[in-house]
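To start, the structure under review is shown below, and the notes come after it.
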Amino acid sequence: MSKRALITGITGQDGSYLAEHLLQQGYQVWGLTRGQANPRKDRVSRLIPELQFVSGDLMDQGSLVAAVDVVQPDEIYNLGAISFVPMSWQQAELVTEVNGTGVLRMLEAVRMVSGFGRSAGRDPSGQIRFYQASSSEMFGQVVESPQSELTSFHPRSPYGVAKAYGHYITQNYRESFGMYGVSGILFNHESPRRGAEFVTRKISLAVAQIKLGLQDKLALGNLDAVRDWGFAGDYVRAMHLMLSQDSPADYVIGTGRMHSVREAARIAFECVGLDWEQHVVVDPALVCPAEVETLCADCGKAREVLGWEQTVEFPELIQMMVESDLRMAGQTRDHGKLLTAASW
């Protein structure tokens, strides 16, 4: 009998790649969606016709219990979140409700439907396995580099604080109720499906528009900020591997190599034969209030225990994104429209 998986955040980059991966593994896959008139739901359903949907909202406990009860999943991947870090300063309370308390509500739904008792140590075999999408932003002002599962957290944004809560509450339910709950501390991961607000996609979109003469300049913030960037398609494989182990544990996932925003821009413009310095301008307004300067993953545990390895290197990732946006830019130009992230 096929395993069943329920994915929150199904309309996002990670949700779509994970759904495709699980379907290839023979799973039945449901995506949790909020509301009926959702254009992103329509896009992901066209992209992945085998995908099924169930209604639910990370801010509504009852809807989550109902969704888990209907699907009866073997695995739940909680990827749903407000994921654009700069937004968390403008809407800190909303981000906390979704990214923090939303994790608690999802765990409670699992506990209620699975019938976990109050005592710790219950055998998690045969029960729902839960994956929480933790974030490297929890490390924030890092105390060591690279960062591993043992590195302490010092988040520098409301987003990072909320993610830290979600991480710890997942750990707490694992220890308190014997639930199979794990957190993947994922470093930045990108793809052609990344939202336009994220810097890598902002760069690739702009490069495509500039190459075709549809715009002239690209405004960026801190060019010296560095991140550990990988390919989202590689990272969803790690999520599945985490829930395939005999015992639950948390893992850091990343490449172990850092690249600056400046380097990302240079590579992207080189892909289309342009000099980035002729087109990039620095806008101080785009610098975050409390910038996270350096994030770099130590994913030795994931390599040793999960056997996980990345398959896409950074230059290849940037080229993949630029080429995808060039194709879509040409199509949208022919229809007299501006290229946006919604095009995928």
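The values are calculated or read from the model by the stated rules, or taken from the named source; none is laboratory data. Since we're looking at a predicted model, the values are computed, not measured. Note: ideal-geometry Cβ built from the backbone for every residue, glycine included; neighbour counts use all protein chains shown. Areas reflect the complete protein model, heavy atoms only, side chains present, ligands, DNA and RNA absent. Shrake-Rupley method; radii C 1.70, N 1.55, O 1.52, S 1.80 Å.
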### Query
So which residues in the range 221-248 are in contact with a strand residue (DSSP E or B) (Cβ under 6 Å, 6 or more places away or on another chain) and aliphatic (A, V, I, L, M)?
Val226, Ala232, Ala238, Met239, Met242, Leu243
### Task
Among the residues of the range 26-45, write down those that are open to solvent by less than 70 Å² (accessible area, probe 1.4 Å), in a helix (DSSP H, G or I) and in contact (Cβ under 8 Å) with a residue 12 or more places away in the chain.
Lys41, Arg43, Val44
### Lone unmet requirement of (1) modelled with pLDDT of 90 or more; (2) among the polar types (S, T, N, Q); (3) open to solvent by less than 50 Å² (accessible area, probe 1.4 Å) for Gln278
(3)
### Query
Which one of these does Ser247 not meet: (1) open to solvent by 10 Å² or more (accessible area, probe 1.4 Å); (2) out of contact with any Gly (no Cβ under 9 Å at 6 or more places or on another chain); (3) within 24 Å of Gln25 (Cβ to Cβ); (4) touching a residue at least 24 places away in the same chain (Cβ under 8 Å)?
(4)
### Message
Out of Gln147, Gln171, Gln141, I need the residue that is in contact (Cβ under 8 Å) with a residue 40 or more places away in the chain, surrounded by 20 or more Cβ atoms within 10 Å (Cβ to Cβ), farther than 29 Å from Glu270 by Cβ and not small (Gly, Ala, Ser). Which one?
### Response
Gln147
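For residues in the range 1-15 being farther than 25 Å from Phe84 by Cβ and either at pLDDT below 95 or under 18 Å from the mean Cα position of the chain (by Cα) (or both), which is surrounded by the fewest Cβ atoms within 10 Å (Cβ to Cβ)? First the steps, then the outcome.
Going through the range 1-15, the residues farther than 25 Å from Phe84 by Cβ turn out to be 1-5.
Next, only the ones that are either at pLDDT below 95 or under 18 Å from the mean Cα position of the chain (by Cα) (or both) stay: 1-2, 5.
On the way: Met1: 5, Ser2: 11, Ala5: 26.
Going through the qualifying residues, I end up with Met1.
Give the residue that is least open to solvent (accessible area, probe 1.4 Å), with candidates limited to residues of the range 16-25 that are of a type outside the set (S, T, N, Q) and farther than 16 Å from Met242 by Cβ. Give the derivation first.
Of the residues in the range 16-25, the ones of a type outside the set (S, T, N, Q) are 17-23.
Then keep just the ones that are farther than 16 Å from Met242 by Cβ; that gives 19-20, 23.
Values: Ala19: 0, Glu20: 48, Leu23: 40 Å².
It comes out as Ala19.
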### Summary
The number of residues in the range 205-251 that are part of a helix (DSSP H, G or I) and not β-branched (Val, Ile, Thr) is 15
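Residues are listed down the side, and each one gets a yes or a no for (1) at pLDDT 65 or above; (2) assigned to a loop (DSSP other than H, G, I, E, B); (3) among the hydrophobic types (A, V, I, L, M, F, W, C):
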| position | (1), (2), (3) |
| --- | --- |
| Arg303 | yes, no, no |
| Gln310 | yes, yes, no |
| Met328 | yes, no, yes |
| Gln331 | yes, no, no |
### Message
So Gly336 passes all but one of these: (1) open to solvent by 10 Å² or more (accessible area, probe 1.4 Å); (2) part of a helix (DSSP H, G or I); (3) modelled with pLDDT under 95; (4) of a type in the set (Gly, Ala, Ser). Which condition number does it fail?
### Response
(2)
## Note on the structure
For the range 78-109, the count of residues that are crowded, with 21+ Cβ neighbours inside 10 Å and within 17 Å of Tyr173 (Cα to Cα) equals 9
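The rows are residues; the columns are (1) within 15 Å of Gly166 (Cα to Cα); (2) not hydroxyl-bearing (Ser, Thr, Tyr).
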{"position": "Gly12", "(1), (2)": "no, yes"}
{"position": "Ser16", "(1), (2)": "no, no"}
{"position": "His21", "(1), (2)": "no, yes"}
{"position": "Thr33", "(1), (2)": "no, no"}
{"position": "Lys41", "(1), (2)": "no, yes"}
{"position": "Asn78", "(1), (2)": "yes, yes"}
{"position": "Val103", "(1), (2)": "yes, yes"}
### Task
Go through the range 46-64 and give me each residue that's open to solvent by 40 Å² or more (accessible area, probe 1.4 Å) and in a helix (DSSP H, G or I).
Arg46, Leu47, Gln61, Gly62
#### Entry: Subset of the range 315-331 (residues that are open to solvent by 10 Å² or more (accessible area, probe 1.4 Å) and of a type outside the set (A, V, I, L, M))
Pro315, Glu316, Gln319, Glu323, Ser324, Arg327, Gly330, Gln331
### Task
Among residues belonging to the range 252-275 that are under 26 Å from Gln141 (Cβ atoms) and in a helix (DSSP H, G or I), point out the one that is most open to solvent (accessible area, probe 1.4 Å).
Arg262
### Task
Working only within the range 174-186, note down all residues that are part of a helix (DSSP H, G or I) and either surrounded by fewer than 21 Cβ atoms within 10 Å (Cβ to Cβ) or of a type in the set (Lys, Arg) (or both).
Arg174, Glu175, Ser176
### Message
Can you say whether Glu197 is open to solvent by 20 Å² or more (accessible area, probe 1.4 Å) and in a loop (DSSP other than H, G, I, E, B), as far as the supplied structure shows?
### Response
yes
### Query
Does the range 185-209 hold any residues that are β-branched (Val, Ile, Thr) and farther than 19 Å from Pro86 by Cβ, and which are they?
Ile185, Val207
